[in-house]
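Take this structure, written in structure tokens, and hold onto it; I'll ask about it next.
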Amino acid sequence: MRGRAAGPRPGRIPSIIEAATKLFLDSGYDGTSLARIAEAAGVSRATLFKQFTTKAALFEAIVTEYWKVDDTEAPLPEPGNLRAGLETIGRRYVALLTQPGMAALFRIVIAEVPRFPELGETQFKLGKLPYFESVRSYLAAEDAAGTARLDDAETAATQFLGMISNFVFWPRMLLAHWEPDDAANTNAVDEAVLTMLARYGTEGTHGA
């Protein structure tokens, strides 16, 4: 009996995403076809079309993949120790922003969003917003536990992530060779944590 046709093997998905990201960056979103992506990824058109019926669907997969965090390796901390929690979140954020391809993803969106505003919406709704919400929820939990004093967890999350990304990531959008070393990135996280503790920490509750 003939079995069902198999979908793309798991190992093919990263190659498809990598090929699509490169082509979108080199040729633009509009100038890249699914057929070209299939060729660059080394898969058949039928295989690619079965998994991603449109470029929009493929771009959504790219965004989701790049913003995915492995909670088994670095789980979000439980509230109760603001310093340790912020350090963990900060390290996770650096790893996310410095992974290969993340800067390219932002460059694609920045370049194409005037003609394809839906790309910016996808990047925001499927990538940045869910991640931001996880940090906001953590800070709100620290506030509820009495280990932080927050008037607005959303503002606090914006401040914390901004302090890190403004050093680790955003200069890459203008400076092709901006590659801070691990020590510099760690220092950026440490300084952001100290600033948050000074502004929002409660005495004796953040492991100082």
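Pick from ALA183, ALA140, ALA192: which is most flexible by mean-square fluctuation in a GNM of the chain where alpha carbon atoms under 10 Å apart are linked?
ALA183
With charges only on Cβ, +1 for K and R and -1 for D and E, what is the dipole size of the stretch 82-200 about its Cα centre, in debye, rounded to 20?
The dipole magnitude comes to about 160 debye.
Okay, next question. Scan the chain and hand back the longest stretch that contains none of the trypsin sites (Lys or Arg not before Pro) lying in DSSP loops with at most 16 other Cβ atoms within 10 Å. Don't skip to the end; give the middle numbers.
Values: sites that count: ARG2, ARG4, LYS68, ARG115, ARG149.
Free of exposed loop sites, the longest segment is 5-67.
Specify whether the C-alpha gyration tensor of the chain places it in the rounded, prolate or oblate class, a ≥ b ≥ c being the square roots of the eigenvalues: rounded for a/c under 1.5, otherwise prolate if a/b is larger than b/c and oblate if not.
Note, shape of the chain comes out prolate.
To the nearest 500 deg cm²/dmol, what mean residue ellipticity at 222 nm is calculated for the chain from DSSP H runs of n ≥ 4 alone, each contributing -39,500 (n - 2.57), summed and divided by the residues?
On the way: 10 runs with 129 residues, N = 208.
After summing the helix terms and dividing by the residues of the chain, the value is -19500 deg cm²/dmol.
In the chain, which longest range has no GluC sites (Glu not before Pro) that are both DSSP loop (not H, G, I, E or B) and surrounded by at most 10 other Cβ atoms within 10 Å? Display every interim value, and only then the final one.
On the way: sites that count: GLU73, GLU203.
Formally, the longest exposed-site-free interval is 74-202.
Sticking with this structure for a sec: What shape does the stretch 12-66 take by its C-alpha gyration tensor, where a ≥ b ≥ c are the square roots of the eigenvalues and a/c under 1.5 counts as rounded, a/b above b/c as prolate, and the rest as oblate?
Rounded, because the longest to shortest axis ratio a/c is under 1.5.
Moving to a separate point now. Compute the helix-to-body angle for 82-98: its Cα long axis versus the longest principal axis of the chain, expressed 0 to 90° and rounded to tens.
30
Using a Gaussian network model of the chain with C-alpha springs under 10 Å, which one of MET102, MET173, MET163 is most mobile by mean-square fluctuation?
MET173
Given axes a ≥ b ≥ c from the Cα gyration tensor, I'd like to know whether the stretch 82-200 is rounded (a/c under 1.5), prolate (a/b larger than b/c) or oblate.
Oblate shape, in that a/c is at least 1.5 and b/c is the bigger or equal ratio.
Ok, one more. Helix 153-168 versus the longest principal axis of the chain: what is the Cα-based angle in degrees, 0 to 90, to the nearest 10?
For helix 153-168, the angle is close to 70 degrees.
Pairing the Cα long axis of helix 12-27 with the longest principal axis of the chain, what angle in degrees results, from 0 to 90 and rounded to the nearest 10?
Result, in degrees: 90.
Only the coordinates and a few stated rules stand behind these numbers; no lab work does. Because the structure is a prediction, the values reported are computed rather than measured. Positions of Cβ are generated from backbone atoms using ideal geometry, with glycine treated the same way; all protein chains shown enter the neighbour counts.
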